[in-house]
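Working notes for the structure below.
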Amino acid sequence: ASVANEGFGYPPLGEDSLPRATADWCRQRYGWCPRPDWVRVVPDVLKGMEVVVEFLTRPESPVALPVPAYMPFFDVLHVTGRQRVEVPMVQQDSGRYLLDLDALQAAFV
């Protein structure tokens with residue numbers, strides 16, 4: 001039935017609900033309001049990270065990586081030739097990790 005209805009899990013070509021939904025989620029979750037036209041669809045998070053790192057930084061430049069982190073992020077920085085600067089996150093009593101904004105700022109000094 002899914003094949004007959006072309007239900008392959010991908011939106012129709014030209015479908016633009018994802019950028020709006022992503023912008024709304026960021027606003028509700030973080031209070032950050034990105035413009036929907038800033039949102040780009042990428043095949044997966046690793047390719048997205050690679051594209052951003054290569055676009056925004058030069059080879060051998062430092063890149064801050066909050067840790068703990070998804071282990072393949074370490075590989076992306078290695079493969080793209082960037083220097084990894086680990087920024088420890090703060091673990092709450094609930095077990096949830098939060099960015100340490102002071103540590104993140106210090107990583108850019």
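Counting 0.36 nm for each residue step from ALA64 to VAL79 and taking away their Cα separation leaves a gain of 3.9 nm.
Loop only per DSSP, at most 13 neighbouring Cβ atoms within 10 Å: give me the chymotrypsin sites (Phe, Trp or Tyr not before Pro) in region 57-87, ordered by residue number. Please list the in-between numbers first.
Details: sites: TYR70, PHE73, PHE74; in loops: TYR70.
When the chymotrypsin sites (Phe, Trp or Tyr not before Pro) of region 57-87 are filtered for loop state and at most 13 Cβ neighbours within 10 Å, TYR70 remain.
Model label sites at VAL42 and GLU86, defined 7 Å from Cα along the beta-carbon direction, differ in position by 2.3 nm. Among the listed values [x] 17.5, 57; [y] 15.4, 43; [z] 15.5, 52, the one computed from these coordinates for Rg and Dmax of the Cα atoms in Å is [x].
The distance between label points at SER94 and PHE8 comes to 4.0 nm (points 7 Å beyond Cα on the Cα→Cβ vector). Of the GluC sites (Glu not before Pro) found in region 49-105, the ones in coil according to DSSP and having at most 12 other Cβ atoms within 10 Å of their Cβ are GLU60.
Starting from the Cα of LEU104, move 7 Å in the Cα-to-Cβ direction to define the label point; list residues of region 73-87 whose amide nitrogen is under 15 Å from there. Once the point is set 7 Å along Cα→Cβ of LEU104, 85-87 turn out to lie under 15 Å by backbone N, inside region 73-87. Each stretch of four or more DSSP H residues adds -39500 (n - 2.57); spread over every residue of the chain, this sum gives -11000 deg cm²/dmol at 222 nm. Nearest 5 is fine: what % of DSSP beta bridges in region 57-107 come out antiparallel, could you say? The answer is about 25 percent antiparallel.
We did not get these values from a lab; they are worked out from the coordinates using the rules stated. As the structure is a computational prediction, the values presented were derived from the model and not from experiment. For neighbour counting, all protein chains shown are included, and Cβ atoms are generated from backbone atoms with ideal geometry for every residue, glycine included.
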